[in-house]
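Colleague: Sharing a structure below in structure tokens format, with a few things to ask.
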Amino acid sequence: MTPSPEETPPAADASKRRAAEAALALVRDVRFLGVGTGSTIRYFIEGLAGIQTHFEAAVASSEQTAALLRQAGIRVLDLNETGDVDLYVDGADAFDPHFRLIKGHGGALLREKILATASRKFVVVVDSRKRFDRLADSVAVPVEVLPFARSFTARQIVRLGGAPALREHYLTDNGNQILDILHLPLNDPPRMEIQLKSIPGVIESGIFAHRVPDIIFVAGGSSTVESLERPDF
Ligand code: 5RP
């Protein structure tokens, strides 16, 4: 993914901040707030610190996010204590016009998918480099696998047409490993999401094609932030 000239890394950082700040306006009358993981979400957490009275507690999608929330003085609860969350805000690595996502480059995809699915409203905040016409032309698909079954799952993924690479020296918060899959045939993302999940040993994939976001805030080169609502296909 080559950044366009107007989206050099500092500009991309400013875009991430603007997208994250746009989502803060939705944190009103919220009891339980799910919080994703990643560099865009760091800006969201910074903003949350100033509006703590707008929600009761947060549920974190990773240990890293839980630590950041606590540092900001925000109460963190376990999903088992809260039930479904009212609002879940997270970043993404890629999205397409159907609002299907690839997530997990930060390694938190399993808890992220659970929180997205357990949320009444799912909101994604991204800079415009994450927008693609087709997920097939975007980024590698992370897949969380049980270490015991790593080689087996990798062979099954090769049979599906993908080229898995083990994320070296990395364990997820759940004690599992990540395979990053290149060249996965992604003409039908919902189908591929199900196919991956049906491999014994695959815990979860970073394809979010069933629970897609309700709103995506996209910030690019200009100062405006686009607010995209989920299309009704
Ligand atoms: C973590 C994720 C992140 O949301 C995704 O990687 C985007 O991160 P960033 O905001 O740093 O670009 O899925 O597992």
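The values are calculated or read from the model by the stated rules, or taken from the named source; none is laboratory data. It should be emphasised that the depicted structure is a prediction, and the values quoted were computed from it without experimental measurement. In this analysis, Cβ positions are derived from the backbone assuming ideal geometry, glycine residues included, and neighbour counts consider all displayed protein chains. Surface areas here come from the heavy atoms of the whole protein model, side chains and all, with no ligands, DNA or RNA. Shrake-Rupley method; radii C 1.70, N 1.55, O 1.52, S 1.80 Å.
Colleague: Within the range 170-192, can you find the residues that are in a loop (DSSP other than H, G, I, E, B), among the polar types (S, T, N, Q) and either open to solvent by less than 60 Å² (accessible area, probe 1.4 Å) or over 19 Å from A94 (Cα atoms) (or both)?
Modeller: T172, N174, N176
Colleague: D84 fails exactly one of the following numbered conditions: (1) open to solvent by 10 Å² or more (accessible area, probe 1.4 Å); (2) more than 12 Å from the ligand (Cβ to nearest atom); (3) closer than 20 Å to R42 by Cα; (4) not β-branched (V, I, T). What is the number of that condition?
Modeller: The single condition D84 does not satisfy is (3).
Colleague: Every residue in the range 58-71 that is aliphatic (A, V, I, L, M) and open to solvent by 30 Å² or more (accessible area, probe 1.4 Å), please.
Modeller: Within the range 58-71, the subset aliphatic (A, V, I, L, M) is 58-60, 66-69.
A67, L68 - these are the residues of the range 58-71 that are aliphatic (A, V, I, L, M) and open to solvent by 30 Å² or more (accessible area, probe 1.4 Å).
Colleague: Counting only residues that are at pLDDT 95 or above and open to solvent by 70 Å² or more (accessible area, probe 1.4 Å), how many does the range 193-233 have?
Modeller: The number of residues fulfilling the criteria is 7.
Colleague: Quick one: how many residues across the range 87-121 are assigned to a strand (DSSP E or B), touching a residue at least 60 places away in the same chain (Cβ under 8 Å), under 23 Å from H54 (Cβ atoms) and within 15 Å of the ligand (Cβ to nearest atom)? Even if it seems obvious, please write down each step before you answer.
Modeller: Let us first name the residues in the range 87-121 that are assigned to a strand (DSSP E or B), namely 87-90, 94-95, 101-102, 119-121.
Cutting the leftovers down to touching a residue at least 60 places away in the same chain (Cβ under 8 Å) gives us 87, 89, 95, 101-102, 119, 121.
So of that shortlist, the ones also under 23 Å from H54 (Cβ atoms) come out as 87, 89, 119, 121.
With within 15 Å of the ligand (Cβ to nearest atom) added as a condition, the list becomes 89, 119.
Residues meeting the conditions: 2.
Colleague: Let me ask something additional. Regarding the range 152-164, can at least one residue be identified that is at pLDDT 95 or above and within 16 Å of the ligand (Cβ to nearest atom)?
Modeller: So the first thing to find is which residues in the range 152-164 are at pLDDT 95 or above, and the list is 152-164.
Still in the list and also within 16 Å of the ligand (Cβ to nearest atom): none.
No, there is no match, as no residue in the range 152-164 is at pLDDT 95 or above and within 16 Å of the ligand (Cβ to nearest atom).
Colleague: Kindly indicate whether L33 is in contact (Cβ under 8 Å) with a residue 12 or more places away in the chain, assigned to a helix (DSSP H, G or I) and closer than 21 Å to S119 by Cα. Before you say what the answer is, go through the steps one by one.
Modeller: Working: in contact (Cβ under 8 Å) with a residue 12 or more places away in the chain: yes; assigned to a helix (DSSP H, G or I): no; closer than 21 Å to S119 by Cα: yes.
Spelling it out, it is not the case that L33 is in contact (Cβ under 8 Å) with a residue 12 or more places away in the chain, assigned to a helix (DSSP H, G or I) and closer than 21 Å to S119 by Cα.
Colleague: Applying the selection to the range 52-86, what residues are hydroxyl-bearing (S, T, Y) and in a loop (DSSP other than H, G, I, E, B)? Before the answer, list the steps.
Modeller: Start the filter on the range 52-86 by keeping residues that are hydroxyl-bearing (S, T, Y), which leaves 53, 61-62, 65, 82.
Within the range 52-86, S61, S62 meet the criteria.
Colleague: Further question on the same structure: Look at the range 114-144 and say how many of its residues are farther than 25 Å from E21 by Cβ, buried (at least 24 other Cβ atoms within 10 Å of the Cβ) and of a type in the set (V, I, T).
Modeller: Result for the range 114-144: 2.
Colleague: Exactly one condition in (1) among the hydrophobic types (A, V, I, L, M, F, W, C); (2) in a loop (DSSP other than H, G, I, E, B); (3) open to solvent by 10 Å² or more (accessible area, probe 1.4 Å) is false for A49; which is it?
Modeller: (2)
The rows are residues; the columns are (1) among the hydrophobic types (A, V, I, L, M, F, W, C); (2) out of contact with any Asp or Glu (no Cβ under 9 Å at 6 or more places or on another chain); (3) surrounded by fewer than 17 Cβ atoms within 10 Å (Cβ to Cβ); (4) not in a helix (DSSP H, G or I).
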site	(1), (2), (3), (4)
F148	yes, yes, yes, no
R155	no, yes, yes, no
P164	no, no, no, yes
E168	no, yes, yes, yes
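Colleague: Name the one entry in F44, F55 that is aromatic (F, W, Y), surrounded by 15 or more Cβ atoms within 10 Å (Cβ to Cβ), within 15 Å of the ligand (Cβ to nearest atom) and at pLDDT 95 or above. Show your work before the answer.
Modeller: Details: F55 fails: within 15 Å of the ligand (Cβ to nearest atom).
Exactly one of F44, F55 is aromatic (F, W, Y), surrounded by 15 or more Cβ atoms within 10 Å (Cβ to Cβ), within 15 Å of the ligand (Cβ to nearest atom) and at pLDDT 95 or above, namely F44.
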